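Down below is the structure, laid out as structure tokens.
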Amino acid sequence: YYGLPIIWPDNDFFGTICVLDNKENAYSDNFKELLSELRFSIEKDLELSCRRQELRFHAEMDSLTSVYNRRRIESILLNEYSRSKRNNNPFSIALFDLNKFKEINDTKGHNVGDDVLIAFASAINTRIRSIDSFGRWGGDEFILICPDTDSLGIKILLDKIEKRAKAEMDKITANSGFCYGFSEFHENDNHYSLLVKRADEKLYESKNAQ
């Protein structure tokens, strides 16, 4: 037997590359060097794979909240709009806006504001369905995209997650909360921005009603 460990870039153990013989074998220095080069090649491939994953994360994810960034979530929105336009499948979106966010930043500091954003994003992102997509639209606004879901379906989903999300935010600072508005794809929509506009209008109706 002759074996060498293979290590991830973070120095965690990945596995072993080894050779076995059915008789005693000292293995030549050339053979050991060849196996060492093979191990080196595998570890370099693992490093490249990790780097690609890291680059993809930074290209698609919001660095603070670890949900999709505006670029990625808008791409998903366009894809869902195109699919529904082509097949007339239902899909719905919801826009979220955090309450008193500027006040929190001004009175309690940006660190607390960041913690509220993180708590809210995590609370929503971990409770939506696997087919849904959630991202940061900008500042303290977020968007949820629900494929194959009509307005009733997204309302039921939002009702399930609203109280839990607010409870997570209250752990950071009391009475912060959020408002939302949602809209469903219409067959005559000629651009996904119309869904966003309708959801935005309902969002501000909700804020004004508070």
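Worth pointing out:
- Here L77, L98 are screened, and the one residue that is within 19 Å of the chain's Cα centre (by Cα), farther than 27 Å from R56 by Cβ and not acidic (D, E) is L98.
- Selection status of F40, free of Cβ contacts under 8 Å to residues at least 12 places away in the same chain and in contact with a Pro (Cβ under 8 Å, 6 or more places away or on another chain): no
- Only one entry in R72, R51, R56, R39 is at pLDDT 90 or above, open to solvent by 50 Å² or more (accessible area, probe 1.4 Å) and farther than 22 Å from D148 by Cα, namely R39.
- Filter result for N105 (touching a Lys or Arg at 6+ places or on another chain (Cβ under 8 Å), open to solvent by 20 Å² or more (accessible area, probe 1.4 Å) and not aromatic (F, W, Y)): no
- Looking only at region 152-205, residues that are free of Cβ contacts under 8 Å to residues at least 40 places away in the same chain and assigned to a loop (DSSP other than H, G, I, E, B) come to 4 in all.
- Inter-residue pairs, beta-carbon under 7 Å, first surrounded by fewer than 10 Cβ atoms within 10 Å (Cβ to Cβ) and in region 1-23, second not in a loop (DSSP other than H, G, I, E, B), 6+ apart: Y1/C18; F13/P5; F13/I7
- Against the test of being within 20 Å of the chain's Cα centre (by Cα) and hydrophobic (A, V, I, L, M, F, W, C), the options I104, I118, I172 yield a single qualifying residue, I118.
- All of (1) outside any helix (DSSP H, G or I); (2) over 30 Å from G153 (Cβ atoms); (3) in contact with a strand residue (DSSP E or B) (Cβ under 7 Å, 6 or more places away or on another chain) hold for E43 with one exception: (1).
- Residue in region 168-206 that is nearest to A121 (Cα to Cα), counting only those that are open to solvent by less than 50 Å² (accessible area, probe 1.4 Å) and of a type in the set (A, V, I, L, M): M169
The values are calculated or read from the model by the stated rules, or taken from the named source; none is laboratory data. Only a predicted model underlies this, so the values are computations on that prediction, with no experimental measurement involved. Counting neighbours? That spans all protein chains shown, and the Cβs are built from the backbone with ideal geometry, glycine included. Accessible surface areas use protein heavy atoms only, side chains included; no ligands, DNA or RNA. Shrake-Rupley method; radii C 1.70, N 1.55, O 1.52, S 1.80 Å.
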